[in-house]
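K.L.:
Next up is a structure, given as C-alpha cells.
The values are calculated or read from the model by the stated rules, or taken from the named source; none is laboratory data. Owing to the predicted nature of the structure, the values given are computational and were not obtained by experimental measurement. Note: ideal-geometry Cβ built from the backbone for every residue, glycine included; neighbour counts use all protein chains shown. What goes into the accessible areas is simple: the full protein's heavy atoms, side chains included, and nothing from ligands, DNA or RNA. Shrake-Rupley method; radii C 1.70, N 1.55, O 1.52, S 1.80 Å.
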Amino acid sequence: MVLEKKMTMAGSIKKVLLIEDSESDAFMFKRIMRDHPCAQSYTVVCFDTIERAKSHLSFNPTDFDVVLLDLHLPDTTDGHDTLVQARSFLGDVPIVALTWCDSKEIARTLLAAGIEDYICKSYVLTNPDLLCRSIDFAVSRNRQTQLELSRLMAELGGKHHLLSDMISSE
C-alpha cells in the first residue's frame with residue numbers, strides 16, 4: 001500500500017483508491033495526480049490486487065471519492081470479473097476503468113455495467129490531464145446521481161405515504 005498526499009490552499013482533497021498491479025503504471029498515475037497542473041488535490045491509496053484492497057477496506061473503512069481500477073489484475077479472470085469483484089465491496093463509489101486496450105466496444109460494455117469512465121492508459125501518457133478530468137467528472141457525475149436518487153426516493157416515500165393513507169381510509 002502506498003499513500004501519497006497533496007494539499008491545495010483550499011484544503012479540498014479527493015480520496016483516490018488506485019488498484020493497479022503494474023508498478024510503473026501506478027507510479028505514472030500517482031505522479032500525474034501529484035505533479036500535473038490539472039491536478040486538484042488528491043490523496044492516493046494504492047493496492048496491486050482486488051483482494052488486498054478489499055482486505056484493507058474491511059479493516060480500515062475509508063470513504064473514497066473515486067476508484068481508478070486496472071481491468072487486468074492478477075486475482076481476477078477478466079475485466080468484467082474485475083469490475084464485479086470491485087463493485088462487491090466498493091458500493092456506489094465511482095469507478096474509472098484503466099486499461100491499455102483501446103476498444104469502444106469494451107468501453108460501452110463497461111459503461112453499461114456501471115463504471116463512470118474508461119481511460120486507455122496510452123492516452124494518459126500523451127495527455128495527462130485526461131486522468132484528472134476523468135477523476136473530477138466521475139466524482140461530479142456520481143454526486144449528481146446520488147442527489148437525484150435521494151430526491152426520487154423522497155418523492156417515492158411521499159407517494160407511498162399518500163397511497164397508504166388512501167388505502168387505510170377506504
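K.L.:
If R₀ is 25 angstrom, what is the calculated FRET efficiency for the pair Leu156 and Phe59, using the beta carbon separation as r and rounding to 0.05?
P.N.:
0.10
K.L.:
Further, regarding this structure: Starting from 0.36 nm per residue, how many nanometres of slack lie between Ser12 and Ser140 once their C-alpha separation is accounted for?
P.N.:
44.7 nm
K.L.:
Which one of Ala86, Ala113, Ala97 has the biggest mean-square fluctuation once the chain is modelled by GNM with Cα springs under 10 Å?
P.N.:
Highest fluctuation of the listed residues: Ala113.
K.L.:
Return P(r) of segment 47-86 (all Cα-Cα pairs; 10 Å bins starting at 0; whole %; ordered from short to long distances).
P.N.:
30, 56, 14
K.L.:
Over the alpha-carbon set of segment 18-170, divide Rg by the Kirkwood Rh and report the Rg/Rh ratio to two decimals.
P.N.:
The Rg/Rh ratio comes out at 1.10.
K.L.:
For the chain, with all protein chains present and a 1.4 Å probe, just round the carbon and sulfur fraction of the accessible area to a whole percent.
P.N.:
57
K.L.:
Mind jotting down the distance between the C-alpha centroids of segment 31-74 and segment 78-97, whole Å?
P.N.:
Segment 78-97 and segment 31-74 have Cα centres spaced 12 Å from each other.
K.L.:
Which number gives the lysine pairs in the chain that have C-alpha atoms under 23 Å apart and are eight or more places apart or on different chains?
P.N.:
Close lysine pairs under the 23 Å cut-off: 18.
K.L.:
Quick one: how many Å² of Met153 are accessible to a 1.4 Å probe, rounded to 10?
P.N.:
It works out to around 120 Å².
K.L.:
If you don't mind, there's one more thing I want to ask. Magnitude of the Cβ-charge dipole of segment 30-170, K/R +1 and D/E -1, about the Cα centre, nearest 20 debye?
P.N.:
340
K.L.:
Follow-up question, since we're still on this one. With every protein chain in place, what's the accessible area of Arg151 (1.4 Å probe, Å², nearest 10)?
P.N.:
Ignoring ligands and nucleic acids, Arg151 comes out at about 110 Å².
K.L.:
Is the shape of segment 28-112 rounded, prolate or oblate, going by the alpha carbon gyration tensor and its root eigenvalues a ≥ b ≥ c, with a/c under 1.5 for rounded and a/b larger than b/c for prolate?
P.N.:
Oblate, since a/c reaches 1.5 and b/c is not below a/b.
K.L.:
Rounded to the nearest 20 debye, what is the charge dipole size of segment 67-134 about its Cα centre when +1 sits on each Lys and Arg Cβ and -1 on each Asp and Glu Cβ?
P.N.:
Here segment 67-134 has a charge dipole of around 140 debye.
K.L.:
Here is a follow-up. Along the charge dipole of the chain, Cβ charges K/R +1 and D/E -1, which of His36, Ala86, Tyr123 sits furthest on the positive end?
P.N.:
His36
K.L.:
Whole number in Å², please: accessible area per residue of the chain, 1.4 Å probe, ligands, DNA and RNA not counted.
P.N.:
58
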